[in-house]
Amino acid sequence: MLLNSKGKHRRPSKAVRVATLAGVTGAAIAAPLMGATGASAASVATWDAVAQCESGGNWSINTGNGYYGGLQFSQSSWAAAGGTQYAPRADLATKAQQIATAEKLLDMQGPGAWGCAGAGNLTNDGVDPGVDTGSTAQQSAPAQESKQAAPKQAEHTEAPAASRADRGTAPKAKKTVTTPTGAKVAKGDGEYKVKSGDSLSKIAAQHKVKGGWQQLFKLNKDIVEDADLIYPGQQLHLTK
C-alpha cells in the first residue's frame, strides 16, 4: 500500500505531511488555483514504478479502503484533478486515463502527493508520457457527474424596493474561492491565508496548533469540507 505519511491525496497519517492533501493520511494539500500547465510530466515507466509500490501494479484495484486504482487516488483527489471526466472512480478508468489524471495532480501538488514517489523517482521532469485516454464519447456520464461540483443557487424574484427597505439591508453573500475544476468553496475569514503547497498538517505544525491537523480541521469545518483539499486564498482559523 501507499505511504500514508507522504501521499497528499491519501488519508491523514501519523506523520506531518505537506499540504492539503497531507492528508488523506495526513491533511490536505492546497491545490493551485490555476489548472495544469502541462509543464509537469513523468514517463509511463515512472508511473508504472509508482503504481507497483502503491498497489502492486493493479490498475483496477478497489479494496474498499477509500483509495482506488493503480495510483491509489482518493475520491476527492480524483475529482479535483479532473478524473471524473473519464470515470466516476479511478479503478473504473483505464491505465492511460489514470496516468493522464495523475499528471494533473502532479502539476497541482508535486511528487509529494504519492507516498511511493521515491520508489519511482517521480519528479516534474517535463517528459510527456503520450498516453491515449481514448474516445470522449464514452465519458459523457462521468463528465456530467463532475459538473455537479458547484451547486446552483436558488432562483429568486426581485422584491419591490419598498419591501426591501422594510426588511432592512440584506446580508452580505459569503466570499468564495474558485478551485481548479471551477467549483467555488468557502473562503472563510480566519487569520491564516492558505498558500500553494500548504496542508492542514503543515500549517498546524508551523503555527503549533494544539491538537495538530485534526484540531485545525475541526476549527474550520465551516470552511474546509475535506481534510484532503484546501485551496490557496482560503483563510483558516488557528484558534477558537
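The values are calculated or read from the model by the stated rules, or taken from the named source; none is laboratory data. Please read these numbers as outputs of a predicted model, since none were measured by experiment. When the accessible area is computed, the model is the full protein with side chains, heavy atoms only, and any ligands, DNA or RNA have been set aside. Shrake-Rupley method; radii C 1.70, N 1.55, O 1.52, S 1.80 Å.
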| query | From the backbone phi of the range 93-108, what are the Karplus-calculated ³J(HN,Hα) couplings (6.51 cos²θ - 1.76 cosθ + 1.60, θ = phi - 60°) in whole Hz, Gly and Pro given as x? | reply | 9, 6, 4, 4, 5, 5, 5, 4, 5, 4, 4, 5, 5, 4, 5, 6
| message | Once ligands and nucleic acids are excluded and a 1.4 Å probe is used, how much of Val185 is accessible, expressed in Å² to the nearest 10? | response | 40 Å²
| Amide H contacts of Leu238 (H built 1.01 Å from N, under 5 Å, at least 5 apart or other chain) | Glu191, Tyr192
| task | Please compute P(r) over all alpha-carbon pairs of the range 184-240, binned at 10 Å starting from zero, and give each bin as a whole-number percent. | result | 27, 66, 7
| message | Need one word for the range 61-118: rounded, prolate or oblate. Basis is the Cα gyration tensor (sqrt eigenvalues a ≥ b ≥ c); a/c below 1.5 gives rounded, then a/b vs b/c decides. | response | oblate
| field | Amide proton proximity set for Ser199, modelled H, under 5 Å, gap of 5+ | value | Ala19, Thr20, Ala30
| note | Under the Karplus relation with 6.51, -1.76 and 1.60 and θ = phi - 60°, whole-Hz ³J(HN,Hα) for the range 220-237, x at Gly and Pro, equal 10, 4, 7, 10, 9, 8, 10, 4, 7, 9, 10, 10, x, x, 5, 10, 9, 7
